[in-house]
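*Asks:* Structure incoming, see below.
The values are calculated or read from the model by the stated rules, or taken from the named source; none is laboratory data. It should be emphasised that the depicted structure is a prediction, and the values quoted were computed from it without experimental measurement. A quick note on method: Cβ atoms are made from the backbone with ideal geometry, for glycine too, and the neighbour counts reach across all protein chains shown.
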Amino acid sequence: MSYFIEDYGVRGHNAVALEDSIMQKGKQVTANSKILEGFVSPFNAAVAERLINAQFTVAGKTSMNEFGIPSLLNGQTEVLGAVKVVSDGVVDYALCNDIFGQYRKQAAENSCCYIHPTYGTVSRFGIIPLASSMDRIGVVCKNISDGFNVLSKIAGNDFRDGAMYPEKTYKYEISDKRIRIGIPKAVTQKDELFDENVTKTLGECFQTVDMELENFDVYKQVVYILSCAEISNNISRYDGVKFGYRTPAYRGVNELYINTRSEGFGTDVKLTALMGAMVLSQENYVPYYEKAMKVRRLIKNSLRFDNYDVIALPCSIGNDPYENLSLYALSALAGLPSVTFKHNGHNIQLVGNVKREDLLLTAWEVCRHEL
Amino acid sequence: MNYETVMGLEVHVELSTETKLFCACCAKFGAEANENICPACMGMPGMPAVINKKAVELGIAASLVTNSEITPCMTFDKKNYFYPDLPTGYQITQWFAPICKNGWIEIETSEGKRKITLKQIHIEEDAGKLVHDNRIGASLIDFNRTSVPLVEIVSNPDFRTAEEVVAYLEKLRLLLSFAGVSDCKMQEGSMRCDVNISVRKVGSTALGTRTEIKNMNSLKAIAAAITFESQRHINALETGSEVLVQETRRWDDNIGETFSMREKEAAADYRYFPDPEIMPIEIGDDWINDVRNSLPETSYDKYARLTQELGLSEYDSKIITGSKNLSDIFDGTMKYFDNPKEVVNWIIVELLSIAKGDNKGEDDVKIDCRKFAEIMELVDNKTINRNIAKKLLLLIWEDDIDPVLYVKENKLGMVSDTRLIEDTIQLVLKEQSNSVEQYKAGNDKLFNFLVGQVMKKLAGKADPKIVNSLLADAIKKDDM
């Protein structure tokens, strides 16, 4: 299997692979969707631009789920391109947009690391939008410390993205702070091995704090409802009128829309668009969308980062992809940074407070040396 | 049976920003098709919406001049629908927390003064324009107007007559254009009005079946459309000739009737939701005060200043303050030539008549105020006479000449040499001895003829007053 859908042949320590949702001027970008067939990006994504300015080069474009939507029906069977190129040692870094956790999960499972930065610290300019309130470029890497070095090159305010923090640059440095790890017992218990081994060993290196993730049972519903709504809206621009794929056979504008989108989108995208339209429809807005927004607020407000610095979570709780969505929903909904990595045979996810990537880096360093 | 018409208005006003609502494209009217577009306003992926702050400020200004309650924290929302003139498949508008609510405007009609109350004003982006080309059998799309910022001003159903509607729109135009919110030109589409209309029996409080009329691009058309549509409703109720349905109808100005647009509106579900890319915007008192303090003079303040401080007539002041454009020309010219009566005279008598000849109204007149003032200066310091000055104005209008230079190069300066004028008069008196005799015999009209002859010989370049008095002197002397 080839690693790239387009390989520029560049290798070495400064080579970075980009998921096919990150726009590069003059290059076709499709987010692995037929609907964007032939669409050539007229500009560079901010992250691509900044990588190049920092003397990195683009190795190639990696394959992805269509628009980055994993199949919730069948689960993720193949290893995603961005993970595979790093785990097989083709390149040291890959950038991708991870809302549903498929990259975070696979990175740990394939002996890589993943850095999911705070929402609003990396520009979304030039990223094929998925769910705007959750879209975030993260780094697949071999080593969290090196990964943060790459992140420091691409993070920082960009006036072309209106939902960013004002800081122009970020330094990710190891902190002297003695880190307290929050263990949401009710969640970690869902993965017996994790609960027995990881929480115990974490306790040997860190102060651990028992905690509760309120409303954890509905995390997946909330992230699913909100992301479907935003995605259905963001992909409405693909209508066959201006760019990308257009059906060859249509009479009148309605048929142009219907045929183009029926032929251009795959099953998971159509399902997402339908769900999104459903939860935003007049009769469902209040019971679904508005309610999910309220619970999102409750979830954000329920966090007590004055009692703990980092929350430890497993990377999977069984095989149901929808159930596993719960584990990645916290950072998606509250905009929190996280890292995933494998350690001593266990896949670990650490979630930190907004803009406290330094504590994630520090915790990872401690784990690496002491666990 | 007596019927009463009940109307509410939705007025769309394009904001006078340099750039569009979410990108740096030029927002001005009149460019070639698809000249002012970029990936963002073409709906391409990868460009998060970033709001134009100036548009919000003009929205605050619109709220202030309509006495509205400004929302302390407003949001932008997305309205989803597919249409080829809407490149993203959604319109960014304000649905849940618009910029202001509960405003009012006082209007004056033949019935007296009354308040029209406003439900709300919201900021939104405009859509593109479809051009149906029958030659190629296709529709073309011009995206220049896409994402141009506008405010929609939604009134309550307070209107009862077409006269009230027209008075309201005139008032809105004055308030908004003088506040710099919009140029409010109906012909160019920067001010558009949809009328929601229903009729009911006088005394009834329930509202009748409502229709919405669109596509009127002048006040005259709006008045005509209201008259037609209310009559159609009354006929339907009286005779049962047709059943009224809630629908959108298009006004055809050529035929003078409204036609159903046959859209299944009940089926439309716009799936509104808060825009996740645009953060809620807080509008604090400081910001409101900054906008309030930077608001230019209103039409009414200006009217008061013109009539009271500058001593201009009510008639002249009304014309000048009835148009933001004329009022700007007045102010601009006054900077160079500080004689209000003279400036107003030149604007109303000369400039507007030249403009009229070119089919341009008060809002479309354009003149270089410095050059305009120079003409007045040239007359004032007696370099040229009024007739030459009028010709110069026409030349500025047509060819943008430099009046001072033109006078010099074409030797249009007045003959100030009285000897030359006297010699010319003597020559004319000789040549026209018959007329001179008849004048002396009592035919007074011939005096002007003689003045004209003198002016002709001087190529029009003498001060007619001087010629008059010298001629009178010469004829008197001739008599003695």
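*Asks:* Take the residues in region A:283-323 that are within 14 Å of chain B (Cβ to nearest Cβ) and of a type in the set (Phe, Trp, Tyr); name whichever of them is surrounded by the most Cβ atoms within 10 Å (Cβ to Cβ).
*Replies:* A:TYR289
*Asks:* Of the numbered conditions (1) within 12 Å of chain B (Cβ to nearest Cβ); (2) under 25 Å from B:ASP275 (Cα atoms); (3) among the hydroxyl-bearing types (Ser, Thr, Tyr), A:TYR219 satisfies every one except a single condition; which is it?
*Replies:* (1)
*Asks:* Would you check if there is a residue in region B:210-232 being assigned by TED's automatic domain parsing to the domain that holds B:ILE99, among the β-branched types (Val, Ile, Thr), out of contact with any Cys (no Cβ under 7 Å at 6 or more places or on another chain) and closer than 30 Å to B:GLU57 by Cβ?
*Replies:* Among the residues of region B:210-232, not one is assigned by TED's automatic domain parsing to the domain that holds B:ILE99, among the β-branched types (Val, Ile, Thr), out of contact with any Cys (no Cβ under 7 Å at 6 or more places or on another chain) and closer than 30 Å to B:GLU57 by Cβ, which makes the answer no.
*Asks:* Here is a list: B:ASP316, B:ASP368, B:ASP363, B:ASP380. Which entry is over 30 Å from B:ASP463 (Cβ atoms) and not assigned by TED's automatic domain parsing to the domain that holds B:PHE22?
*Replies:* B:ASP363
*Asks:* Quick check on my filter: what residues within region B:65-81 are within 14 Å of chain A (Cβ to nearest Cβ) and acidic (Asp, Glu)?
*Replies:* B:ASP77
*Asks:* From B:LYS341, B:LYS356, B:LYS360, grab the single residue that is surrounded by fewer than 20 Cβ atoms within 10 Å (Cβ to Cβ), among the basic types (Lys, Arg) and part of a loop (DSSP other than H, G, I, E, B).
*Replies:* When all the criteria are applied, what remains is B:LYS360.
*Asks:* Based on this model, can you work out whether A:ASN259 counts as over 26 Å from the mean Cα position of the chain (by Cα) and at pLDDT below 95?
*Replies:* For A:ASN259, the condition - over 26 Å from the mean Cα position of the chain (by Cα) and at pLDDT below 95 - is not met.
*Asks:* Looking only at region A:72-103, how many residues end up being part of a strand (DSSP E or B) and of a type in the set (S, T, N, Q)?
*Replies:* The total comes to 1.
*Asks:* Report whether or not A:VAL253 is within 11 Å of chain B (Cβ to nearest Cβ) and surrounded by fewer than 17 Cβ atoms within 10 Å (Cβ to Cβ).
*Replies:* Answer is yes for this residue.
*Asks:* So which residues in region A:256-269 are free of Cβ contacts under 8 Å to residues at least 40 places away in the same chain and buried (at least 17 other Cβ atoms within 10 Å of the Cβ)?
*Replies:* A:LEU256, A:TYR257, A:ASN259
*Asks:* Determine, yes or no, whether A:GLU167 is free of Cβ contacts under 8 Å to residues at least 24 places away in the same chain, out of contact with any strand residue (DSSP E or B) (no Cβ under 8 Å at 6 or more places or on another chain), away from chain B (no Cβ under 14 Å) and surrounded by fewer than 18 Cβ atoms within 10 Å (Cβ to Cβ).
*Replies:* no
*Asks:* I would also like to ask the following. I'd like the full set of residues that are on the phi < 0 side of the Ramachandran plot and within 28 Å of the chain's Cα centre (by Cα), limited to region B:66-85.
*Replies:* B:THR66, B:SER68, B:GLU69, B:ILE70, B:ASP85
*Asks:* Restricted to region B:278-287, and to residues that are outside any loop (DSSP other than H, G, I, E, B) and surrounded by 14 or more Cβ atoms within 10 Å (Cβ to Cβ), which residue is farthest from the other protein chains (Cβ to nearest Cβ)?
*Replies:* B:TRP287
*Asks:* Next question. Do we find that B:ALA62 is among the aliphatic types (A, V, I, L, M), over 22 Å from A:GLU230 (Cα atoms) and either within 14 Å of chain A (Cβ to nearest Cβ) or not in a strand (DSSP E or B) (or both) in this structure?
*Replies:* Spelling it out, B:ALA62 is indeed among the aliphatic types (A, V, I, L, M), over 22 Å from A:GLU230 (Cα atoms) and either within 14 Å of chain A (Cβ to nearest Cβ) or not in a strand (DSSP E or B) (or both).
*Asks:* Considering only residues that are within 30 Å of B:PRO87 (Cβ to Cβ) and of a type in the set (S, T, N, Q), look in region A:181-239 and name the one that is surrounded by the most Cβ atoms within 10 Å (Cβ to Cβ).
*Replies:* A:SER227
*Asks:* Using the structure shown, decide if B:GLY284 is small (Gly, Ala, Ser) and under 18 Å from B:ILE123 (Cβ atoms).
*Replies:* yes
*Asks:* Tally up the residues in region A:134-160 that are within 14 Å of chain B (Cβ to nearest Cβ), buried (at least 22 other Cβ atoms within 10 Å of the Cβ) and in contact with an Asp or Glu (Cβ under 8 Å, 6 or more places away or on another chain), please.
*Replies:* So the count comes out to 2.
*Asks:* Here's another thing I want to ask about it. Check region A:315-328 and report whether any residue there is assigned to a helix (DSSP H, G or I), closer than 18 Å to A:GLY101 by Cα and among the hydrophobic types (A, V, I, L, M, F, W, C).
*Replies:* yes
*Asks:* As an exercise: evaluate A:LEU280 against (1) of a type in the set (A, V, I, L, M, F, W, C); (2) within 14 Å of chain B (Cβ to nearest Cβ); (3) closer than 27 Å to A:LYS355 by Cβ and give the number of the one condition it does not meet.
*Replies:* Of the numbered conditions (1) of a type in the set (A, V, I, L, M, F, W, C); (2) within 14 Å of chain B (Cβ to nearest Cβ); (3) closer than 27 Å to A:LYS355 by Cβ, the odd one out for A:LEU280 is (3).
*Asks:* Something else about it: All but one of (1) within 14 Å of chain B (Cβ to nearest Cβ); (2) in contact (Cβ under 8 Å) with a residue 24 or more places away in the chain hold for A:ASP239; which doesn't?
*Replies:* Status for A:ASP239: all satisfied but (2).
*Asks:* Test A:GLU19 against the criterion of being crowded, with 24+ Cβ neighbours inside 10 Å and within 14 Å of chain B (Cβ to nearest Cβ), and give yes or no.
*Replies:* Yes: the conditions hold for A:GLU19.
*Asks:* With the requirement that a residue be over 30 Å from A:VAL47 (Cα atoms) and in contact with a helix residue (DSSP H, G or I) (Cβ under 9 Å, 6 or more places away or on another chain), what does region B:1-49 give you?
*Replies:* B:MET1, B:TYR3, B:THR5, B:MET7, B:LEU9, B:VAL11, B:VAL13, B:LEU15, B:SER16, B:THR17
*Asks:* List pairs: first in region A:47-59 and assigned to a loop (DSSP other than H, G, I, E, B), second surrounded by 14 or more Cβ atoms within 10 Å (Cβ to Cβ) and charged (D, E, K, R), Cβ under 6 Å, 6+ apart or cross-chain?
*Replies:* Filtered contacts from region A:47-59: A:ALA54/A:LYS153.
*Asks:* Criterion first (within 14 Å of chain A (Cβ to nearest Cβ) and more than 24 Å from B:GLU4 (Cα to Cα)) does B:ASP275 satisfy it?
*Replies:* Spelling it out, B:ASP275 is indeed within 14 Å of chain A (Cβ to nearest Cβ) and more than 24 Å from B:GLU4 (Cα to Cα).
*Asks:* Check whether at least one residue in region A:103-117 is away from chain B (no Cβ under 14 Å) and of a type in the set (Lys, Arg), and report yes or no.
*Replies:* Yes, there is a match, as at least one residue in region A:103-117 is away from chain B (no Cβ under 14 Å) and of a type in the set (Lys, Arg).
*Asks:* Now, a different point. Is it true that A:PHE206 is touching a residue at least 40 places away in the same chain (Cβ under 8 Å), in contact with a His (Cβ under 7 Å, 6 or more places away or on another chain), more than 14 Å from every other protein chain (Cβ to nearest Cβ) and not basic (Lys, Arg)?
*Replies:* Here the answer is no, as A:PHE206 does not meet what is asked.
Residues checked against (1) in a loop (DSSP other than H, G, I, E, B); (2) surrounded by 11 or more Cβ atoms within 10 Å (Cβ to Cβ); (3) acidic (Asp, Glu):
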position	(1), (2), (3)
B:TYR270	yes, yes, no
B:ASP290	no, yes, yes
B:GLU297	yes, yes, yes
B:GLY311	yes, no, no
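*Asks:* Contact list please: Cβ distance under 8 Å, first residue in region B:208-235 and in a helix (DSSP H, G or I) and modelled with pLDDT of 95 or more, second residue basic (Lys, Arg) and crowded, with 18+ Cβ neighbours inside 10 Å, pairs at least six apart or on different chains.
*Replies:* These pairs meet every condition: B:GLU229/B:ARG249.
*Asks:* Out of all the residues in region B:17-52, which are over 26 Å from B:ASN80 (Cβ atoms) and either within 14 Å of chain A (Cβ to nearest Cβ) or crowded, with 21+ Cβ neighbours inside 10 Å (or both)?
*Replies:* Those that are over 26 Å from B:ASN80 (Cβ atoms) and either within 14 Å of chain A (Cβ to nearest Cβ) or crowded, with 21+ Cβ neighbours inside 10 Å (or both): none in region B:17-52.
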